[in-house]
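The values are calculated or read from the model by the stated rules, or taken from the named source; none is laboratory data. None of these values were measured; they are calculated from a predicted model. Glycine also receives a Cβ, built like all others from the backbone with ideal geometry; neighbour counts cover every protein chain displayed.
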Amino acid sequence: MTRIFCVCQTVRESDMALKTKVKEYREKAGLKQSELAELVHARRETIVHLENGRYNPSLKLAMDIAKVFHVTVETLFEFTED
C-alpha cells in the first residue's frame with residue numbers, strides 16, 4: 001500500500017505581496033507613465049501607484065498592460081511572501 005503525505009503551508013492573503021515589473025517593462029519600451037496609462041485607459045496616478053506597490057490591478061488592467069508589452073500577466077505580476 002502506497003501512502004502519500006502532503007505538507008501544506010497556509011499563507012494568509014495579508015502575508016502576500018504583489019511584485020510587479022511594470023516599471024521595468026515601461027522603461028524598456030521608452031514609455032512615460034502617462035503614455036502607458038493612455039494605452040490601457042487608466043489614470044497616470046494608477047500607474048504610479050501600481051509601480052510603487054500601492055495598488056493591485058484588476059484582472060482586466062493586468063491583462064491590458066501585459067498586452068501592451070506582449071508578455072503574460074505572470075511575467076509582469078507575481079505574488080511573493082512578505
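How many residues are part of a helix (DSSP H, G or I) and not aliphatic (A, V, I, L, M) when one looks only at segment 36-55?
6
When residues of segment 15-30 are filtered for being without any contact (Cβ under 8 Å) to a residue 24 or more places away in the chain and in a loop (DSSP other than H, G, I, E, B), how many remain?
The number of residues fulfilling the criteria is 1.
Quick one: Val71 ticks every box in (1) touching a Leu at 6+ places or on another chain (Cβ under 9 Å); (2) more than 12 Å from Leu18 (Cβ to Cβ) except a single one, so which number is it?
Here Val71 clears every test but (1).
How about segment 7-62: which of its residues are modelled with pLDDT under 95 and at positive phi?
Correct list: Gly53 only.
Leu50 is checked against (1) free of Cβ contacts under 8 Å to residues at least 12 places away in the same chain; (2) touching a Pro at 6+ places or on another chain (Cβ under 9 Å); (3) not basic (Lys, Arg) and fails just one. What number does that condition carry?
Condition not satisfied by Leu50: (1).
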